[in-house]
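Everything below concerns the one structure shown next.
The values are calculated or read from the model by the stated rules, or taken from the named source; none is laboratory data. In this text the structure is predicted, and so the values were computed from the model without any measurement. Glycine gets a Cβ as well: all are built from the backbone with ideal geometry, and neighbour counts include every protein chain shown.
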Amino acid sequence: SAVSIITYGGIAPATPGTISGSTNVCGNNTTRTYSISAVNGAATYNWSVTSGYRIVHPATGSLVTSYSGTQRSISVRFPSSGSVSNGQIRVSATSGGNCTATSGLRTKTVKFGPQTYPVTGPSTLRRYNTGRYTVSGYGITNRSWSFPSSLSPLTGTTSNSIVLEALGTSSGYVTLTYRSCGVTRSSSKYVTISNSGGGGAARGSLGEELEATISGIYPNPAVDVVTVTAGSPLKQVSVMNLLGQTMQTTPQISGREATVDVASLEAGSYLIIAVDEEGKKVHKLVVE
């Protein structure tokens, strides 16, 4: 009669869940902890790291590149600096008994050391429009923006984000120089400026008249109300934020003076846009 031979193999545990721990690490011989939740059916966990990183052995304290044991949490020692860059923390789970089986591998990518982050924002601007440019990243310090003379800043130049207005037509690079993990980096975006088309937030199609100013605006900074005066009878006064969004409008004004209520506005910088018989004019307003 025929003989059937049945081979039994171990059942692999599920792949471990998300590895918790730092995603961004600057270095300087820093030690970080990484851990996972318990996996059903797992007897041991198999940890490994990218070359250049080291696991602190739970029992001996020695620095190793891999470790298998019951620990669901490990300490990883990162180098001070050098050629080591982004890498991975990896872990799998192995079942117990005579017929062991190992799960799939869970990985966590670590951004190690200085990083270069992109500049986001419109690549084209129409003249007299505004655009916001931002660099987002971990541990950025000592920030400083630079840009062509045709662009004028409407916000500070030392934060992660800047709002620029295109007053001229000379295209060029918008650049943020910064320090990432103590190392100087710079990121740039080429911005094309044109008289038509393009992106950015429109400032009410002010055109050349933006180069003119309102005769008077006081107090400035303001808390609750501001008075606007012009050289000819006013028709309308609007308050606009630095992204070109109209916050409020005061229509049907009689005479050369208008009182604008700004009490409901959040503290910050705005633009007063006044329309009189000579056209549209602009003035920067600070609300406290």
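Have a look at GLY244, GLY255 and point out the one that is under 37 Å from the mean Cα position of the chain (by Cα) and either part of a loop (DSSP other than H, G, I, E, B) or more than 27 Å from PRO153 (Cβ to Cβ) (or both). Working first, answer last.
Working: GLY255 fails: under 37 Å from the mean Cα position of the chain (by Cα).
Matching residue, one of GLY244, GLY255: GLY244.
Which residue is farthest from THR246 (Cα to Cα), if the candidates are limited to region 173-204 and must be modelled with pLDDT of 95 or more and of a type in the set (Gly, Ala, Ser)?
So, considering only residues that are modelled with pLDDT of 95 or more and of a type in the set (Gly, Ala, Ser), the one farthest from THR246 (Cα to Cα) is SER186.
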